[in-house]
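A short worksheet on the structure shown next.
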Amino acid sequence: PDAFRSRQLTYTLLSLQLLGVHSDTLRFLHELRLYINDLPPVNRLPVELLVEIFKHACRNPSPFPACASSNAKKTETQPQYMLITLTHVCRLWREAALNASALWRHVPPLSNESLLQLFVERSRLSPLTVDVVVRSTGRKAFDAILRGCGNRLHTLHVYDATSTQTRQAPLYLRPTRA
């Protein structure tokens, strides 16, 4: 019995040592990846300039098909998803985009309710211009989201997914009392 317990203790200690080595290796690899991400010249630009580049990229997606990944989904190359794509490039780009609430103030026509909510949240207190695609099944959810940002809503464009006509409803808000 003592020999068995001794082996069991030795096994446990070796396992803990291996976990420590594994943890140290993972930490080192994470730090190495952060260092490598900082090497490209674009990642040494001031954050303000990077945000301006993002604004331009979102307004003017690439007209060159070769710039889009050959295995990219069709939706990933559409202008309204460009900002989401930019947040998935690297940690620096993600932080820059998420901290620039002005990037998120124009909510493009999204038929996905969770993406609409994401734009509204990330825009923080910025005044909003919202383009909404309304389907008969998702109308209540869109109404709830839009009510939640009511005093920030500057312009609302409503697109009926079942119609070819666009209904635009510009909102002129009165100033709030101080």
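What follows draws every value from the coordinates through simple rules; no lab data is involved. Just so it is clear, the structure is predicted and the values come from calculations on it, not from any experiment. Glycine gets a Cβ as well: all are built from the backbone with ideal geometry, and neighbour counts include every protein chain shown.
What number, in nm² with one decimal, is the all-direction average of the projected area of the convex hull of the alpha-carbon atoms of segment 1-40?
2.2 nm²
What does the extension gain come out to for Leu13 and Lys140, with contour length at 0.36 nm per residue minus their alpha carbon separation?
Details: separation 127, 0.36 × 127 = 45.72 nm, distance 5.79 nm.
Length gained, Leu13 through Lys140: 39.9 nm.
Take 97-106, 26-35 and order them by the average number of nearby Cβ atoms within 10 Å per residue, most first; the result is 97-106, 26-35.
The calculated FRET efficiency for Val21 paired with Lys55, based on their beta-carbon distance and R0 = 45 Å, is about 0.50.
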